[in-house]
Amino acid sequence: MRVWWIGAFAVVLGAQAASAATELRFMCYQDGNECDVAKALLEDFHKANPGIRVTVDTVPYKAILESLPVQLAAGQGPDLARVTDLGGLAKYYLDLSPYVNRAYWEENFGATLPWFRRDPTDKGIYGMMTQLTITGGFVNRTLFEQAGVSLPGPGATWDEWAEATRKVAKATGTRFPMAMDRTGHRVAGPAISMGAKIFAADGTPALVDDGFKAFMAKFVGWMNDGTMARDVWVSQGGAAYQDAAQEFVNARVVYYYSGSWQTGRFEKAIGDAFDWEVVGTPCGPAACSGMPGGAAIVGFQRTAHPEAVAKVIDYFASEPVHAQLVERTKNVPAHKGIAAKGLAYPDATPAGRKALQAWSREVAKISPVAYAYQGYPLNRAMFNATVTRVTQAIVGELSFDEAMKKLEADVAEAVAQAKK
């Protein structure tokens, strides 16, 4: 009888402890398996920290772009999330500094910590990049071989790639020579390569300059002469995001400009259907630069459990856990120590491993202008305005010159609103 009572008492205590655990909600989106890997890695965290329970809510990327900002503005939302609009959400971030080893974070994530900060005087630690991403091109090598066309070599320009992919598409009956994701982030690297400065000498936005217009004019022309997959951009309204990954997977695109986060997806979806590889960003007169970026795990001030949130993010930042996170999601590490040691990517296919190595080489080509643009707090407004106005030029709702003038006004308005 006494043994039964002790055992029952232990069960009650265990139930009470479980019910008393700090519950955190983690809003997560995934291009491939990022949220699935995070859930798996959290199993060990839960064992080591029985007083904290993290529920991972996997949502579409559009929910991160559109729903999360609305929730946060209303004082609601999750305790932590995986986000990409680092500057745009900065006012909501929880400062992790009181709860983590600053020296470790500065040493290993120092290059990207400024992306989360509100201004140059801000020294807080607000989030951890789950990976460093870079935009660039994927090519269907099998189609080039079938067409008997050589791949443009290193240093090839956008015009040379456009000409080569048109030849391949015509020879093979492929629907689209080229495609690019519908987002202002994706067109930014090519514009910078063409000479866009993005900012004036005093650091204020000066988006629409000669270099910017040079690429956008090409881009609009390619949309309307069949070089670019037009439907990817005109099938959506406003600033809505749309990628062309499925078109590439289905071998309906010769050259697809997206980014490193698609690598794992293509490994799985393409398999041995055709040979593909990473060819980076074509060159302009100023650079051969993609845009850096990536997703990050951040905590929010609204949480009732700041120390627990910081503990979770610090767990993902620890070298052994972070290495697993990057390796199993097949991404490029943002952690300096891990990048220096390199990763084996044992689960990657030969094509995937080759692609990840190619992306790592592309990092060295990123323009300082691209880093500055990625870290600018109002970049989301600039990206969104770019998509809206360029689409209007593509469909003929505005002339190209009118679209560029409207874009200038949009950026000026965003800056003015931010000062209020």
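Since every read-out is calculated from the coordinates, none of them should be taken as a lab result. A quick note: this is a predicted structure, and the numbers were derived from the prediction, not measured. Cβ: placed from backbone, ideal geometry, glycine included. Neighbour counts: every protein chain shown.
When the helix-only estimate is applied to the chain (DSSP H runs of n ≥ 4, each -39,500 (n - 2.57), divided by the residue count), what is the mean residue ellipticity at 222 nm, nearest 500 deg cm²/dmol?
-14500 deg cm²/dmol
Pull up the cross-link candidates among the aspartates and glutamates for LYS405, meaning alpha carbon to alpha carbon under 17 Å and not fewer than 8 places away within one chain.
ASP209, ASP210, GLU397, GLU413
So what are the ³J(HN,Hα) numbers for segment 258-270, from phi and the Karplus equation (6.51, -1.76, 1.60; θ = phi - 60°), rounded to whole Hz, Gly and Pro as x?
9, x, 4, 5, 7, 4, x, 4, 6, 3, 6, 6, 8
Can you bin segment 186-338 into rounded, prolate or oblate? Criterion: square roots of the alpha carbon gyration tensor eigenvalues sorted a ≥ b ≥ c, rounded for a/c under 1.5, prolate for a/b above b/c, oblate for the rest.
Verdict is oblate for segment 186-338.
Given an 8 Å cut-off on Cα distances and at least 6 residues of separation, report the relative contact order of segment 32-140 as a percent.
Reported as a whole number, the value is 18 percent.
What does the highest-first list of 232-245, 213-226 look like by mean Cβ count within 10 Å?
213-226, 232-245
Give me a comma-separated list of calculated 3J(HN,Hα) values for segment 195-204, in order, Karplus coefficients 6.51, -1.76, 1.60 applied at θ = phi - 60°, integers in Hz, x for any Gly or Pro.
Once θ is set to phi - 60°, the couplings for segment 195-204 become x, 4, 8, 6, 10, 6, 4, 8, x, 7 Hz.
Could you tell me how far the Cα centroid of segment 213-244 sits from the Cα centroid of segment 284-353, in Å?
30
From the phi angles alone, apply the Karplus equation (6.51, -1.76, 1.60; θ = phi - 60°) to segment 342-353 and give each ³J(HN,Hα) in whole Hz, x where the residue is Gly or Pro.
So the J values, rounded to whole Hz, are x, 10, 8, 6, x, 8, 7, 6, x, 5, x, 5.
When a/c reaches 1.5 or more, the comparison of a/b and b/c decides; with that in mind, is the chain rounded, prolate or oblate per its Cα gyration tensor?
The shape class here is prolate.
Using a 10 Å cut-off on Cβ atoms, rank the peptides 200-206, 292-298, 54-60 from the highest mean neighbour count down.
292-298, 54-60, 200-206
All other residues with a Cβ under 10 Å from the Cβ of THR55 taken together, and with Lys, Arg as +1 and Asp, Glu as -1, what is their net charge?
0
Quote the charge dipole size of the chain about the Cα centre in Debye, to the nearest 20; the model charges only the Cβ of Lys and Arg (+1) and of Asp and Glu (-1).
Roughly 340 debye for the chain.
Once amide H atoms are placed 1.01 Å from N in the peptide plane, what residues at a sequence separation of 5 or more from ARG182, or on another chain, have their amide H within under 5 Å of its amide H?
Sorted by chain and number, the residues that satisfy this are GLN242, ASP243.
Would you work out which of ALA339, TYR315, PRO350 lies farthest towards the positive end of the dipole of segment 314-353? Charges go on Cβ: Lys and Arg +1, Asp and Glu -1.
Farthest towards the positive end: PRO350.
Given Cβ point charges of +1 (Lys, Arg) and -1 (Asp, Glu) and nothing else, what value in debye, to the nearest 20, does the dipole of segment 265-369 about its Cα centre take?
Once rounded to the nearest 20, the dipole reads 160 debye.
Among rounded, prolate and oblate, which fits segment 294-420 when a ≥ b ≥ c are the square roots of the eigenvalues of its C-alpha gyration tensor, a/c under 1.5 means rounded, and a/b larger than b/c means prolate?
Taking the square roots of the gyration eigenvalues as a ≥ b ≥ c, segment 294-420 is oblate.
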